[in-house]
Structure formats: structure tokens, C-alpha cells
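Just below is one structure, and these are the notes that go with it.
Computed from the coordinates by the stated procedures, all read-outs in this text should not be read as laboratory data. Here the structure is a predicted model, which is why all the values come from computation and not from measurement. Glycine gets a Cβ as well: all are built from the backbone with ideal geometry, and neighbour counts include every protein chain shown.
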Amino acid sequence: MSDLSSEQLRTEFNRWAEAGRGEGMEHDHLPITLPVVDLMQLRPTDNVLDAGCGAGWLSRLLAEQVPEGRVIGMDLSDEMVRRARKNYSDLSHVMFVVGGVDEIPWEGEFFDKAVSVESAYYWPDPARGLREIFRVLRGGGSAWILINYYRDNPHCHQWEKLLPVPTKLLSADAWAQLFRDAGFADVAHRRIVDPTPAPEVYTGRWFRDAAQLRAFRQEGALLVSGVRPTFGQTEARG
């Protein structure tokens, strides 16, 4: 990631943090995130990376599942990280660090699981980000990327003009191929439908009307996953 791109993203997400949007993400994304946490099949001793942790709400949920492990919440926004540290200072096995997926500030082969919710489409170089996630995962560890903004859902394409920072609008197949190119095996993708009822009248800026919001949620979020092969394992192309 160039210094310019990094600074642009940090500035914007610092602004979001100061407006309290980091904490609001839990309300917006919990219905599609809980099924992912279940699918991850976390063990009590797992070490987990939460990439793009925002104000820390998902790191808190993960920490409940891994009482004997560690959760590292990472975000490019130093203001988001500051708020996460303040919000969850009581969680002794959770640490929040400033960093981006282009250069994860952690040793290799440390994490059993890595997850990113509503962050990956902001990555300036998704291929590099997935290679870095692969690097910090142990053999047999898995990565889980959940995003609401992807090419196969036509009801989100208008976001490109509304977001003040560059985004990547990739298809499910394109994301899956990036996983394979990074070295992941057992690559799969699926939809996570948002069961939240749409309001009768929608007055926000992200959707044309309530009908489009309803259609967007019915299409579901995209979940892409893959496993870092163990040493000597023949990679299964998914």
C-alpha cells in the first residue's frame, strides 16, 4: 500500500471513529457475523486475528470463544484502535494494534484463525493482503473474509459513488481465486443472508428505497474462506 493510500484510509476511518461509527458497526453487521463465528469452529485455545477490527466489537465476541487463546484486533485507524482499547480494557487476552493487511505487524505462523468483516474491499492490494494473512496463519489455520460489497450483488454497486475512499468491487469467483493464488486450499464461498426486516420507508443514502434494501439483504453478504495447508500437505484447489 502506498503511503498516500494508507494515509487516505487512516484519515477517513479516524473521522468515522470520532463520529462514533465504529461502535455502530456491531448493530449493522451482527446478524451476518454471528453465523460466520459459528462456521469458524473456534477452539478455546485458538489465537485469532481480527483484521479491520474497528472499535473492537467483533474482537470481544471472538474473545468469548477463546478464553485460553489470544485475540489480536488490528486496524489501520489509530483512533479506532484507541477506542477499542478503551472499550475493552478489561479483556486481558485481547490486544489491539495499529496496522494494515499489507504488512501485518505480527510474527508468521502464529494465528489459528483470521477473520475480516466489512473491511476487505477497502484493501488497496487484496492479493498482498491475503498473502500476509496466509503468512501469519499456522498450518491448518483458516481465513474468513465477509463483505457486503461485491460484484454479484447488484444492489450495492451504487456505494462506489458514495464512499469517500477507493474500493474494490470484486466477484465471489475473483475473491476465491485471490485466496488460491495466495496459497490457500479448500477455498469456498457462500452467501450469508441478513434476516433483518427492512423498514417500510427507507430514508438513508445507501439505497434507492426500502425495496432495494430488502433485495440487498436477501442477496446476502459474501463469505470467502480458505485453509493454509499443513506442511507436506498437497494443496486441494477449491
- Item | Candidates SER116, SER77, SER171: whichever shows maximal mean-square fluctuation once the chain is modelled as a Gaussian network with Cα springs under 10 Å | SER171
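When a footprinting reagent is the concern and you count Cβ atoms within 10 Å, what order do SER89, SER5, SER225 take, fewest first?
Numbers: SER89 10, SER5 17, SER225 22.
So the ranking, lowest neighbour count to highest, is SER89, SER5, SER225.
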- Item | Loop GluC sites (Glu not before Pro), the stretch 6-99, which have at most 12 other Cβ atoms in a 10 Å radius of their Cβ (DSSP) | GLU68
- Message: Only Cα pairs within less than 10 Å get springs; with that Gaussian network setup on the chain, which residue of VAL227, VAL115, VAL165 has the largest fluctuation?
- Response: VAL165
- Note on the structure: extent check for the chain: Cα max minus min per principal axis, descending, whole Å, gives 54, 41, 36
- Query: What distance in nm separates the simple spin-label points at GLU103 and GLU23, each placed 7 Å from Cα in the Cβ direction?
  - Reply: 3.3
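If we count other beta carbons within 10 Å of each Cβ, what is the order of LYS113, LYS86, LYS168, LYS161, fewest first? It would help to have the intermediate numbers written out before the result.
Details: LYS113 25, LYS86 11, LYS168 19, LYS161 6.
Result, fewest neighbours first: LYS161, LYS86, LYS168, LYS113.
Arranged by the count of other C-beta atoms within 10 angstrom, fewest first, what order do CYS156, CYS53 take? Don't skip to the end; give the middle numbers.
Numbers: CYS156 21, CYS53 30.
Going from sparsest to densest Cβ surroundings: CYS156, CYS53.
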